[in-house]
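Working notes for the structure below.
The values are calculated or read from the model by the stated rules, or taken from the named source; none is laboratory data. None of the values given here were measured: they were computed from a predicted structure. All Cβ positions, even for glycine, are placed from backbone atoms using ideal geometry, and neighbour counts span all protein chains on display.
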Amino acid sequence: MFSVYEYGNEEKEEVTMDEKTEKMIEYIRSLKAIEDAMEPYKEQKRELRKDFKEQGWLTAEEISLTVKAYRMMKSEVDIEELVKIYDSIRGGKQ
């Protein structure tokens, strides 16, 4: 048996290894169900990428950079700060 403490809570909860193992198995089952449900969408993404490359509309690198730019826009990355850091790192490797 071992103890699990919660921050801000002075009471401790005793958890056995069997209980912990059960929770791990429960987590894996839930994760697998989610991943299985996502698979059709992942396949759609693979097909979309393949179609754009086969049609000659975009190269693999252009698709990759486009996706990176989209994710950066979505997470509101400060592009000027990113470029400064990139240039700083790149300058150190030249």
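Search the stretch 55-89 for residues being part of a helix (DSSP H, G or I) and loosely packed, with under 10 Cβ neighbours inside 10 Å, and hand back the single one that is modelled with the highest pLDDT. Looking at the filtered set, the residue picked out is E61. For F52, the conditions (1) assigned to a helix (DSSP H, G or I); (2) at pLDDT below 95; (3) surrounded by 10 or more Cβ atoms within 10 Å (Cβ to Cβ) are fulfilled apart from (2).
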